[in-house]
Each structure stands twice: as structure tokens, then as C-alpha cells.
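Everything on this sheet refers to the single structure shown next.
A short reminder: the numbers here are calculations on the coordinates, not readings from a lab. Every value quoted in this text rests on a predicted model; they were computed, and no experiment measured them. Here Cβ is always computed from backbone atoms with ideal geometry, including for glycine, and neighbour counts include all displayed protein chains.
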Amino acid sequence: MSHTLTFWGTRGSIPTPGPATARYGGNTPCIAISGTNGGLVVLDAGTGLRPLGHELMLRRNGRPLTAEILLSHTHWDHIQGLPFFKPLSAPGNRVRIYGAAQEGVALAEILGRQMDPMVFPVPLDAVAADLSVNEVSEGGFELEHFHVRTIRLRHPGQTLGYRLQPLDGGREIGYITDNELGPGGAYEVGENWRARLVDFLQGCDTVIHDAMYAEGMIRARAGWGHSTPGEAVRLTAEAGCSRLVLFHHEPEHDDDAMDDLLCETRVLARTIAPGLEVDAAMEGSQIRL
């Protein structure tokens, strides 16, 4: 069974629309995984979720749709598209959200707070679709068409990385955004975390990884919970992955800066991981697995 990844949002922290970011995109994280079986999995619910929702409603031809949304964590840039996800407004649609609670606060409560009537006109519990919010932690669980494994990442709050294995066979996908591979920060990830992360990604075909900061930026931003492209290359090379997609782009990086960053990263990859294919996520681009 083949699957297609479509990037609806690639930017980190805050939306950056405009001509200077037109190629790589300004919407915050959202990736759709669709298959020929009709299934749909969505990675994160940043502002890219809004255009995805509009496209889904145009294509459904009056039929109900089902979307399974995996949240890496609940920082604004990963959930702010949810109130504007048009499928939530249609009776008969099914939306299943998975993610971690934060510091004892239930995931459903966190998502509900950003749709409190004081800040948004429609509360989460009033949406017309059949909505369920499911809490997950490190371990594994089943979606309709995927087995999903999770791992805690080095980022403030409960942040999860995902590995998706198609139940009917096919290439596996790793989603590791908002993750600090360098030594900065203090995170509750347990012992031997780096080795466990390598094992988690071992042999994965396509890994989408946080590559927010250029090498010249990372020292000043150690402890902020993000990585450099070079760190992502070294990780995926160690794990024997086939393709690395740089993701969660720095808001200050325009398209020209992203071109330079990608070029530099490919040079590094040719040196230390000759078989590794490196791309940078572009809004609207697709990868067929």
C-alpha cells in the first residue's frame, strides 16, 4: 500500500506569510498522510490545518470523512489550526485527536481553553462532528491503518515523537519535531535517551525532523528545545534512515536563507551519510512512499 505525505504547514513558532516565504511556506506544522485505502492521518494541527480542512471538505462529495490527528505537543503553533478545521463543523464527520496531557492538565481541557468563548466564538464541545480526544504517552497504539510508536522528546513540556508503520506493509515514517539533539536544556527523557531515539528510528524510510536553527544560532538558543540541520543529519545517518526532511523552519529564515541552509546540509550529508537523501519541507509539496 502506498502513502502520500502532503506538507500543509512547515514553519515553527508563528505563521510567516508573505512573498519572502512563498516557496517554503508560512503556515505552522501540519502534514497529511493519505493512502489509496482512503485513510487520513494528520501530524499536528498548526495553521496549515485550515487549508487542509477546506480541501478535505471540497473533495468529500457529501460523504462523511474521518481524520486521525496526532499532536506532538500543545504549544500554540501546533494546535492553532484546530478551531478553523472545517470538518469539525459538519455532522457525520469523525475526528480523533491523540496527544499527551501537560503537567496534570488533560489534553481535552488544553484544547478547549483555546476555544473558550472569551477568545473564540465556538467552544470545542459544541462542534458538530463526532470528536474524541485521546491521551497517549510513551509506548504504542493502533490507528485505523497504522501502528504508532511514541517516544518522549527533548522539548519543554510533554512532547512526543511518532513512528508510523502501515498495518498492510509499506515504508515507515518518523515524525520528530520540536526536539533538541544538542546538550542544552534539562528534560525528563530518562537515561540513554539518544541511544533509545536512534533505536526508535532505526531503518525508518522517511524522517521529518526539527531543523529550526542554523549552526550560528544554536549556541544562543540552547535549551529552547530545537535542533540544527547538521544534528538531524547525524541522527538519521546513525539510525540508517533513507530520507531526512528538514522541518519546523525558523520564522526569520526567508526562502533564500532556506535555500542556503538546504545546500549546506546536503554537502554535509554527502560527507557523512552518502546514501541519505535530504530535503527541506515546502508547503504544498508531496512525498510518495
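About its Cα centre, segment 153-289 has a charge dipole of approximately 540 debye under the convention of +1 per Lys or Arg Cβ and -1 per Asp or Glu Cβ, with nothing else charged.
Inter-label distance, Ala101 to Phe84: 3.1 nm, where each label sits 7 Å from its Cα along the C-beta direction. Across segment 34-45, computed HN-Hα scalar couplings (Karplus, 6.51 cos²θ - 1.76 cosθ + 1.60, θ = phi - 60°) run 10, x, 5, 7, x, x, 9, 10, 10, 9, 6, 10 Hz from first to last residue, x flagging Gly and Pro. Taken one residue at a time, the phi angles of segment 52-61 give Karplus couplings (6.51, -1.76, 1.60, θ = phi - 60°) of 4, x, 4, 5, 4, 5, 5, 8, 6, 6 Hz. Gly and Pro are set to x.
P(r) for segment 3-288, from all Cα pairs and a bin width of 10 Å, is 7, 30, 38, 20, 5, 0 %, short bins first. In segment 3-288, Cα pairs under 8 Å separated by at least six residues give a relative contact order of 18 percent.
Basic side chains Lys and Arg get +1 at the Cβ, acidic Asp and Glu get -1 at the Cβ, and with that the dipole of the chain about its Cα centre reaches some 580 debye.
Run the paramagnetic zone check for Ala128: 7 angstrom along Cα to Cβ, then residues of segment 51-71 with backbone nitrogen under 15 Å. Once the point is set 7 Å along Cα→Cβ of Ala128, 54, 57-58, 60-65 turn out to lie under 15 Å by backbone N, inside segment 51-71. Centre-to-centre, using Cα atoms only, segment 62-113 and segment 210-289 are separated by 28 Å. Taken one residue at a time, the phi angles of segment 207-217 give Karplus couplings (6.51, -1.76, 1.60, θ = phi - 60°) of 10, 9, 10, 3, 9, 5, 10, 5, 4, x, 9 Hz. Gly and Pro are set to x.
Note on Cys241, Cys263: ascending count of other Cβ atoms within 10 Å places them as Cys263, Cys241, the fewest first.
In the chain, taking the dipole from charged Cβ atoms about the Cα centre, the farthest positive-side position among Ile14, Ile272, Gly39 is held by Gly39.
Compared with the alpha-carbon gap, the fully stretched path from Glu238 to Thr66 is longer by 58.3 nm at 0.36 nm per residue. In the chain, helical runs assigned H by DSSP with n ≥ 4 each contribute -39500 (n - 2.57); averaged across all residues and rounded to the nearest 500, the mean residue ellipticity at 222 nm is -6000 deg cm²/dmol. Here, segment 102-190 yields an orientationally averaged convex hull projection of 8.1 nm² when only Cα atoms define the hull.
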